[in-house]
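The values are calculated or read from the model by the stated rules, or taken from the named source; none is laboratory data. Bear in mind the structure is a predicted one, so any value in this text is a computation, not a measurement. Here the Cβ positions follow ideal geometry from the backbone for every residue, glycine too, while neighbour counts run over all protein chains shown. In case anyone asks, the SASA skips ligands and DNA or RNA and just uses the protein heavy atoms, side chains included. Shrake-Rupley method; radii C 1.70, N 1.55, O 1.52, S 1.80 Å.
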Amino acid sequence: MLGSRVVMHVDFDYFYVQCEEIRRPELRPKPVCVCVYSERGGDSGAVATANYAARKYGAKSGMSITLAKRKLEGRDDAVFLPVDFAHYEKISESAMGVISSFADVFEYVGKDEAYLDVTDRTGDDFERAGHLAQQIKNAVRDKAKIGCSIGVSPNKLVSKIASDYQKPDGLTIVRRERVEEFLDPLKIRDIPGIGGKTEKHLAVMNLKTIQDLRGIDIFDLNREFGRKNGTYIYNAARGIDENPVSRRDAQIQYSRISTLKKDSKEYAFLAEYLESMCRDVHHTVSENSQMFKSVGIHLVQSDMSVRSKSKVLRAPTMSLGELKKCADGLLRETLKSQKIDIRRLGVRISELTEVSGQDDITSYF
């Protein structure tokens with residue numbers, strides 16, 4: 001058992017759109033969707049982030065761009081922008097640097113979220129933790145110019161649920177004696193890792209809220225979902241989570257770049273270099289037991305100008321084959337419009353997650 005803890009989950013609100021608003025303040029009152037456009041052109045692709053003005057009309061992350069545009073039809077002020085990961089990473093690094101300075105233990109999760117164990121510096125006092133959380137919100141706003149929502153509770157699970165409770169710009173504190181009271185009225189889907197498939201399965205059992213779920217025997221849950229997943233659901237409905245906040249800094253990416261033997265824009269010549277670099281970065285990520293979700297290539301042209309192209313995968317992976325296939329596709333697509341010879345070529349993987357961190361029901365549900 002872990003003893004008493006005070007844990008925070010910090011989540012940047014509609015992060016990609018906030019990053020765009022920093023350089024284009026005129027976007028703030030408008031419905032905005034930041035999108036990952038596919039190589040097919042046109043409106044092919046998906047929404048990565050939608051701000052709250054867009055969500056009011058039904059546009060949301062994961063939705064096809066075509067459908068999001070239909071949802072916002074008639075809104076002349078609606079804006080659709082392509083993702084700019086380099087810009088977002090700079091802002092994330094700045095914000096994470098601020099947040100980590102407030103933590104006893106800091107765990108980087110992704111560009112837009114992190115866990116903090118603040119037990120020691122708050123003296124295990126939730127009132128002091130609330131003041132500290134407000135200081136974090138103010139500091140992130142001052143330094144990185146973005147807003148965030150923070151959940152504070154005795155563990156990671158409840159803090160993650162709490163950070164989503166009063167978005168945007170929320171601060172929700174759940175003291176240990178109020179955990180079940182806080183969870184009771186929430187929808188089962190609010191539990192991290194429970195998706196539509198499981199929600200429908202539980203609805204057939206006439207279970208809609210977390211309070212409903214708490215009335216189900218663990219043996220019944222194990223029978224329905226297997227021992228591992230059933231146990232997770234049983235504990236989550238009670239706000240039980242013994243996973244510690246594990247020190248993990250914002251290692252945002254691994255990359256390799258190579259100066260070519262000759263300047264070239266020949267696919268076969270460049271592809272040989274690219275495959276070798278893919279093997280190198282894959283070896284690094286494998287040694288660190290991590291998966292990646294974003295792949296990018298970086299080109300320094302003979303006039304020293306720079307081009308880059310990236311793609312976000314549907315799900316995190318540690319597959320070398322997937323990495324090579326994606327990087328090769330990016331290279332082929334870039335060369336279609338390449339007019340200048342290339343002097344240096346690089347590959348980058350980012351959006352890293354721990355393989356061990358997938359040891360919950362998200363891989364099943």
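Selection of first residues in the stretch 122-138 that are closer than 17 Å to Val105 by Cα and of a type in the set (Val, Ile, Thr) and of second residues that are open to solvent by less than 80 Å² (accessible area, probe 1.4 Å) and in a helix (DSSP H, G or I), restricted to Cβ pairs under 8 Å at least 6 apart or on distinct chains, gives the following pairs, ordered by first then second residue: Thr122/Ala129; Thr122/Leu132; Ile136/Val98; Ile136/Ile99.
Regarding the stretch 172-184, can at least one residue be identified that is outside any helix (DSSP H, G or I), more than 29 Å from Met291 (Cβ to Cβ) and either among the polar types (S, T, N, Q) or open to solvent by less than 20 Å² (accessible area, probe 1.4 Å) (or both)? Yes, the stretch 172-184 has at least one match. With respect to Arg223, is the statement that it is basic (Lys, Arg), within 22 Å of Leu157 (Cα to Cα) and out of contact with any Pro (no Cβ under 6 Å at 6 or more places or on another chain) true? Spelling it out, it is not the case that Arg223 is basic (Lys, Arg), within 22 Å of Leu157 (Cα to Cα) and out of contact with any Pro (no Cβ under 6 Å at 6 or more places or on another chain). Can you confirm whether the stretch 153-165 contains a residue that is within 26 Å of Glu21 (Cα to Cα), modelled with pLDDT of 95 or more and in contact with a Cys (Cβ under 9 Å, 6 or more places away or on another chain)? Yes.
Among the residues making up the stretch 222-249, a single one is on the phi > 0 side of the Ramachandran plot and out of contact with any strand residue (DSSP E or B) (no Cβ under 8 Å at 6 or more places or on another chain): Gly226.
When you scan the stretch 215-235, do you find a residue that is among the hydrophobic types (A, V, I, L, M, F, W, C), open to solvent by less than 50 Å² (accessible area, probe 1.4 Å), closer than 21 Å to Arg5 by Cβ and part of a helix (DSSP H, G or I), even just one? No, every residue in the stretch 215-235 fails to be among the hydrophobic types (A, V, I, L, M, F, W, C), open to solvent by less than 50 Å² (accessible area, probe 1.4 Å), closer than 21 Å to Arg5 by Cβ and part of a helix (DSSP H, G or I). Contact annotation: residue pairs with Cβ atoms under 8 Å, 6 or more positions apart or on different chains, pairing a residue in the stretch 319-342 that is within 15 Å of Ser276 (Cβ to Cβ) with a partner that is open to solvent by 60 Å² or more (accessible area, probe 1.4 Å), are Leu320/Arg279; Lys324/Glu275; Asp328/Glu275; Leu331/Tyr267. Residues in the stretch 246-286 that are in contact (Cβ under 8 Å) with a residue 60 or more places away in the chain, of a type outside the set (Ser, Thr, Tyr) and assigned to a loop (DSSP other than H, G, I, E, B): Arg247, Asp249, Ala250, Gln251, Ile252, Lys265. Scanning the stretch 89-119 for residues that are closer than 19 Å to Pro244 by Cα, of a type in the set (Ser, Thr, Tyr) and in contact (Cβ under 8 Å) with a residue 60 or more places away in the chain yields Ser100, Tyr108, Tyr115, Thr119. Put simply, of Ala59, Ala50, Ala68 the only residue that is within 15 Å of the chain's Cα centre (by Cα) and not charged (D, E, K, R) is Ala50.
Exactly one residue out of Thr198, Thr284 is of a type in the set (Ser, Thr, Tyr) and either open to solvent by 20 Å² or more (accessible area, probe 1.4 Å) or within 29 Å of Val6 (Cα to Cα) (or both), and it is Thr284.
Given the criteria outside any helix (DSSP H, G or I) and surrounded by 15 or more Cβ atoms within 10 Å (Cβ to Cβ), does Gly151 qualify?
Working: outside any helix (DSSP H, G or I): yes; surrounded by 15 or more Cβ atoms within 10 Å (Cβ to Cβ): yes.
Spelling it out, Gly151 is indeed outside any helix (DSSP H, G or I) and surrounded by 15 or more Cβ atoms within 10 Å (Cβ to Cβ).
For the stretch 339-356, the set of residues classified as farther than 24 Å from Tyr108 by Cβ and either open to solvent by 20 Å² or more (accessible area, probe 1.4 Å) or out of contact with any strand residue (DSSP E or B) (no Cβ under 8 Å at 6 or more places or on another chain) (or both) consists of Lys339, Ile340, Asp341, Arg343, Arg344, listed by residue number.
Flag set for Glu107, criterion: in contact with a strand residue (DSSP E or B) (Cβ under 9 Å, 6 or more places away or on another chain), assigned to a strand (DSSP E or B) and open to solvent by 10 Å² or more (accessible area, probe 1.4 Å).
Provide a single number: the residues in the stretch 201-214 that are in a helix (DSSP H, G or I) and open to solvent by 80 Å² or more (accessible area, probe 1.4 Å). Counting residues in the stretch 201-214 that are in a helix (DSSP H, G or I) and open to solvent by 80 Å² or more (accessible area, probe 1.4 Å) gives 2.
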